[in-house]
């Protein structure tokens, strides 16, 4: 019989971050972005520009969010210049040719597909 694993002092308890639950001592699960957070992020991007040098500075104004989360939320979902509709046949051809030539350099490939986010380019290929 194996000895019982000692419980982590915070396991299963609410985190210090609002709305976050600790499911494992080293894993923090945050809820999806909320409309008020999206509106605040939009205001901050309007103020600092769509490509701020430090997303972490914007994240300081959004409780419970890191700079990387703000950047990804903006670039993949909220930026109005991002195409979210159906992919065209020509775009698929550019994607396949670029991936063959460049490998999995999704940011470089996304530059060849104006309006497509890096994440959507990667997801489309996979």
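Say whether the condition of being outside the structural domain of residue 119 (by TED's automatic domain parsing), at pLDDT below 55, farther than 19 Å from residue 117 by Cβ and more than 19 Å from the chain's Cα centre (by Cα) is met by at least one residue in region 26-46. So far as region 26-46 goes, yes, one or more of its residues are outside the structural domain of residue 119 (by TED's automatic domain parsing), at pLDDT below 55, farther than 19 Å from residue 117 by Cβ and more than 19 Å from the chain's Cα centre (by Cα).
Looking only at residues in region 76-110 that are assigned to a helix (DSSP H, G or I) and at pLDDT below 90, the one that is farthest from residue 35 (Cα to Cα) is 89. Checking each residue in region 112-125 for being surrounded by 13 or more Cβ atoms within 10 Å (Cβ to Cβ) and outside any loop (DSSP other than H, G, I, E, B) picks out 118, 119, 120, 121, 122, 124, 125. Does residue 98 satisfy the criteria of being over 19 Å from the mean Cα position of the chain (by Cα) and surrounded by 11 or more Cβ atoms within 10 Å (Cβ to Cβ)? Spelling it out, residue 98 is indeed over 19 Å from the mean Cα position of the chain (by Cα) and surrounded by 11 or more Cβ atoms within 10 Å (Cβ to Cβ).
The values are calculated or read from the model by the stated rules, or taken from the named source; none is laboratory data. For clarity, every value in this text was computed on a predicted model and none was experimentally measured. Glycine gets a Cβ as well: all are built from the backbone with ideal geometry, and neighbour counts include every protein chain shown.
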